[in-house]
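Peer 1: Before I ask anything, here is the structure I am working with.
The values are calculated or read from the model by the stated rules, or taken from the named source; none is laboratory data. All values derive from a computational prediction rather than experimental measurement. Methodologically, a virtual Cβ is constructed for each residue, glycine included, from the backbone with ideal geometry; neighbour enumeration extends over all protein chains shown. With ligands, DNA and RNA removed, areas are computed over all heavy atoms of the protein, side chains included. Shrake-Rupley method; radii C 1.70, N 1.55, O 1.52, S 1.80 Å.
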Amino acid sequence: MAKYGIEAFKDNKPVAYPIDAKETYGTLTFTGSEVRNKFIYIDDDGEVHEEQNQQESWEPKDTGQPRDKYIMAYSSNIKDVMDIHVPIDFDVDSLEFDQEIELIGAVVTIGNAKKEQKVVTRNGEQIRSVDCKTFPVQVEGVKVKDSKATSQPSQSQSKSEQLSKAKG
């Protein structure tokens with residue numbers, strides 16, 4: 001257990017807790033996607049490291065290789081857009097903006113992060129980086145719920161090709 005008593009680890013990985021995504025997040029609407037690349041960190045002696053040092057003083061360098069893939073979806077229960085971690089080989093091109101989606105195999109883990117927060121001191125307001133807990137959502141896959149849309153990435157392209165063939 002971590003010092004706060006809220007994290008549990010097995011084989012040095014956070015424990016994933018299964019959730020009922022529909023009950024927890026309500027209706028989810030796809031809004032976009034993002035790929036985050038791997039970074040390496042170079043110390044003052046030029047040595048390469050996989051992880052940043054505790055002081056965060058090593059120079060980060062983008063490797064150009066994807067590390068994580070996320071989709072963003074608006075949650076009717078949370079009333080905000082949330083990031084959902086999907087497998088790196090997930091085909092985000094099969095999703096269209098504003099499609100209703102359903103999460104398959106949704107789990108949450110408990111993670112550590114830092115956030116910027118206004119702190120009022122005797123010297124006035126300051127913005128400080130403070131530790132916080134996050135509850136990232138990971139899924140095995142995503143299913144499109146809209147009956148009007150299909151999971152074909154080139155749906156509009158195939159319609160235009162059919163029209164041009166019919167004219168010619």
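Peer 1: Considering only segment 115-125, state which residues are open to solvent by 70 Å² or more (accessible area, probe 1.4 Å) and in a strand (DSSP E or B).
Peer 2: Once the filter is applied, which keeps residues that are open to solvent by 70 Å² or more (accessible area, probe 1.4 Å) and in a strand (DSSP E or B), segment 115-125 yields Lys115, Glu116, Gln117, Lys118, Val120, Glu125.
Peer 1: Restricting attention to segment 17-39, does a residue exist that is in contact with a Phe, Trp or Tyr (Cβ under 6 Å, 6 or more places away or on another chain) and not in a strand (DSSP E or B)?
Peer 2: Scanning segment 17-39 turns up no residue that is in contact with a Phe, Trp or Tyr (Cβ under 6 Å, 6 or more places away or on another chain) and not in a strand (DSSP E or B).
Peer 1: Looking only at residues that are at pLDDT below 90 and of a type in the set (D, E, K, R) in segment 97-127, which one is farthest from Tyr70 (Cα to Cα)?
Peer 2: Once the filter is applied, the top-ranked residue is Arg122.
Peer 1: Of all residues in segment 136-168, how many are part of a loop (DSSP other than H, G, I, E, B), open to solvent by 100 Å² or more (accessible area, probe 1.4 Å) and at pLDDT 80 or above?
Peer 2: 1
Peer 1: What single numbered condition from (1) surrounded by 13 or more Cβ atoms within 10 Å (Cβ to Cβ); (2) more than 17 Å from Gly141 (Cβ to Cβ) fails to hold for Gln55?
Peer 2: That leaves (1) as the condition not met.
Peer 1: If a residue has to be within 30 Å of Val144 (Cα to Cα) and either part of a loop (DSSP other than H, G, I, E, B) or open to solvent by 90 Å² or more (accessible area, probe 1.4 Å) (or both) to count, how many in segment 59-73 make the cut?
Peer 2: Number of matching residues: 2.
Peer 1: Here's something else I'd like to know. Mind counting the residues in segment 97-114 that are of a type in the set (D, E, K, R), crowded, with 16+ Cβ neighbours inside 10 Å and in a loop (DSSP other than H, G, I, E, B)?
Peer 2: Adding up the residues that qualify gives 0.
Peer 1: If you don't mind, another one. Check off (1) in a loop (DSSP other than H, G, I, E, B); (2) more than 15 Å from the chain's Cα centre (by Cα); (3) charged (D, E, K, R) for Asp89 and give me the number that stays unchecked.
Peer 2: (2)
Peer 1: Also: Could you say whether any residue in segment 43-58 is assigned to a helix (DSSP H, G or I), more than 24 Å from Pro14 (Cβ to Cβ) and at pLDDT below 90?
Peer 2: Within segment 43-58, not a single residue is assigned to a helix (DSSP H, G or I), more than 24 Å from Pro14 (Cβ to Cβ) and at pLDDT below 90.
Peer 1: Test Tyr41 against the criterion of being within 24 Å of Val86 (Cα to Cα), among the hydroxyl-bearing types (Ser, Thr, Tyr) and surrounded by 10 or more Cβ atoms within 10 Å (Cβ to Cβ), and give yes or no.
Peer 2: It is false that Tyr41 is within 24 Å of Val86 (Cα to Cα), among the hydroxyl-bearing types (Ser, Thr, Tyr) and surrounded by 10 or more Cβ atoms within 10 Å (Cβ to Cβ).
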